[in-house]
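The values are calculated or read from the model by the stated rules, or taken from the named source; none is laboratory data. Only a predicted model underlies this, so the values are computations on that prediction, with no experimental measurement involved. Neighbour counts are summed over all protein chains in view; Cβ atoms, including those assigned to glycine, are modelled from backbone coordinates with ideal geometry.
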Amino acid sequence: MDYRTEAPEIIKSFLIYHETIKGHSPKTVEEYYLDLRTFFRYMKIVRGLVPRDTELEDIDIHDIDLDFVKSITVSDAYEYLAFLTRDRVKNQRSRDVEYGTMASTRARKVSTLRSFYKYLTVKAKLLDVNPLQDLDVPKIPNKLPRYLTLPEAQALLSSVDGKNKERDYCILCIFLNCGLRISEIVGLNLSDIREDHIRVFGKGSKERIIYINDACAEAINQYLDVRKSIAAIDKNALFLSNRRTRMSREAVHSMVKNSLRRAGLDAEKYSSHKLRHTAATLMLQNGVDVRTLQELLGHDNLNTTQIYTHVDNSELRIAAEANPLAHFEPDNKKD
């Protein structure tokens, strides 16, 4: 998908701004485009510009111009969110048909709309008034991150087998020891590997240094010994597929799922991202402070990191035991 050829000019300028000036990754820019495309496709149905029964995927938005964009109201945006809430979507995990996109997805779409209209008003100065300035973001339920226990993480690492075992073990080791995102792992180059650290490019192409422990360094070195003998098509990529090209996110996801199953763990319950949660939780439980964890994970906002403090319940256990009623037993129970 190339937004430069598919998007109407007014949306294209917004996307180019985020890619070139804000430094957002191509994947993030693509998500912005998909969010805006879906919204304006829906608005064309609402405005009667296409037949009511037209599938969203079949609606062209090349004719979206400044006048159309300017005509959008907060009410239109809320109606769109209501549509998303009741729209039939397939839940890939349970394979059942459910109603409504997730609150986090709706919140992202609102963020995209607000960012688009702010750009048109403040940066491009194509609008005198931002019609979506007061658009609220849907409340996202607070859910604790799911993670593997230490024995489960050890079982996962011990489960690795097959012709790519050095590569797969190395990837899992980096997930569980360094807490990298899957996009950061597949983006690693040979030149990013140093003696005691890894150079990582995170969201927004922000660079950070992740120091590696002995187990991780050993896993990397063992894989590099294998990597040297591969006639790579992508000579820069650290992790190679069987086709000798850079491993894709999908390939890593699949490898993680297969490894979880071999370890006797629930592959539907856990995922690649849960391994990042596991690394964060295990480090926090073993004395890493939350601000250090924030830098290690590449979080811009400390609030994002602080959710892991609720997972580490050791202090809560101590608090429960400190209650003077903790060991109280009524007289009629003592006999």
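Any idea which of 229, 248 is under 22 Å from residue 26 (Cβ atoms) and of a type outside the set (Lys, Arg)?
Every option except 248 fails the conditions.
Would you list the helices (runs of 4 or more DSSP H) that sit entirely within the stretch 1-93 and hold 2 or more residues that are touching a residue at least 60 places away in the same chain (Cβ under 8 Å) and not small (Gly, Ala, Ser)?
Result: 9-20, 26-46, 66-70.
In this structure, is residue 265 among the aliphatic types (A, V, I, L, M), touching a residue at least 24 places away in the same chain (Cβ under 8 Å), assigned by TED's automatic domain parsing to the domain that holds residue 160 and assigned to a loop (DSSP other than H, G, I, E, B)?
yes
Does any residue in the stretch 228-247 that is closer than 16 Å to residue 165 by Cα and touching a residue at least 12 places away in the same chain (Cβ under 8 Å) come within less than 7 Å, Cβ to Cβ, of a residue that is of a type in the set (Ser, Thr, Tyr) and in a loop (DSSP other than H, G, I, E, B) six or more places away or on a different chain, and which pairs are these?
Cβ pairs passing all conditions: 247/241.
Need the failing condition index for residue 168 against (1) within 19 Å of residue 281 (Cβ to Cβ); (2) in contact (Cβ under 8 Å) with a residue 60 or more places away in the chain, just the number.
(1)
Out of all the residues in the stretch 149-208, which are out of contact with any helix residue (DSSP H, G or I) (no Cβ under 7 Å at 6 or more places or on another chain) and buried (at least 19 other Cβ atoms within 10 Å of the Cβ)?
Once the filter is applied, which keeps residues that are out of contact with any helix residue (DSSP H, G or I) (no Cβ under 7 Å at 6 or more places or on another chain) and buried (at least 19 other Cβ atoms within 10 Å of the Cβ), the stretch 149-208 yields 164, 184, 187, 188.
Please indicate, with yes or no, whether at least one residue in the stretch 34-54 is more than 16 Å from residue 84 (Cα to Cα) and under 22 Å from the mean Cα position of the chain (by Cα).
no
Here is a check on your reading of the model: is residue 223 in a loop (DSSP other than H, G, I, E, B), crowded, with 19+ Cβ neighbours inside 10 Å and touching a residue at least 40 places away in the same chain (Cβ under 8 Å)?
It is false that residue 223 is in a loop (DSSP other than H, G, I, E, B), crowded, with 19+ Cβ neighbours inside 10 Å and touching a residue at least 40 places away in the same chain (Cβ under 8 Å).
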